[in-house]
Amino acid sequence: MDSANEKTKIFPWLGIMVKPRSTFRYVIEYTPVKYAGWLAVLFGFLSLFAPSTTDGGKMWGDLISALIFGSIMGLIIWWVSYKLNFHIGKWLGGTGSKEEMKIATGWAFIPSIIGLILINLPLNMIYGDITGFYGNSDYPLQMILLYIGDLIGIWSIIINILAIAEVHKLSIWRSIIVHIIPAVLLLIILVLFSLI
């Protein structure tokens, strides 16, 4: 095994950010599905956990709520995402297996997890509700950090597209289509419900 693969083996969390395709190949071959499930749980927990230091009692309630509902939400998002990625990819000529897609979809949460840990969680703990910092030039550091978090979110989408491409052996353009179709279907459903 060459040195690049050795580094990926040691640091898949970093590898997924800087060398996603080779890292996806590594985690698909050498990591069990349960790791992907735990990444989904961690993503869901961090997505819902927005503690504020202003009320210590409320923080424990937030923690327990995020552990229960966030974990469930993360697993549901992972399950729906891998199913959509797998089946739509198959329709477009993909060759990957369900097991491979489960693993890759779970590991694709890593950029979002890193963004939540490094940006959202600290800002929430210090300031509470952070939505007021968007576009607010009175708080330039907080505003810049939130925009960096948004860029990490965009990188997370790109990572998911690369995961689809790697698992299904599809071109990037076909992988983008796999990623876009569920969003278009959701938009159509929302428009139809709004007309009712």
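Bear in mind that the values in this text are calculations on the coordinates, not laboratory data. Note that the structure is predicted; figures quoted are calculated from it, not measured. With ideal geometry, Cβ positions are generated from the backbone for all residues, glycine too; neighbour counts draw on all protein chains shown.
Quick notes on this one:
- Sequence ranges 88-96, 185-193, 148-156, ranked by mean other-Cβ count within 10 angstrom, highest first: 88-96, 148-156, 185-193
- What the phi angles of segment 83-93 give under the Karplus curve with 6.51, -1.76 and 1.60, with θ = phi - 60°, is a coupling list of 4, 4, 4, 5, 6, 5, x, 4, 4, 9, x Hz, glycine and proline written as x.
- Alpha-carbon geometry of segment 83-196: the Rg and the Dmax are 17.5, 51 Å, given in that order.
- Rounded, prolate or oblate (a/c below 1.5 giving rounded, otherwise prolate when a/b exceeds b/c) for segment 133-196 by Cα gyration tensor: oblate
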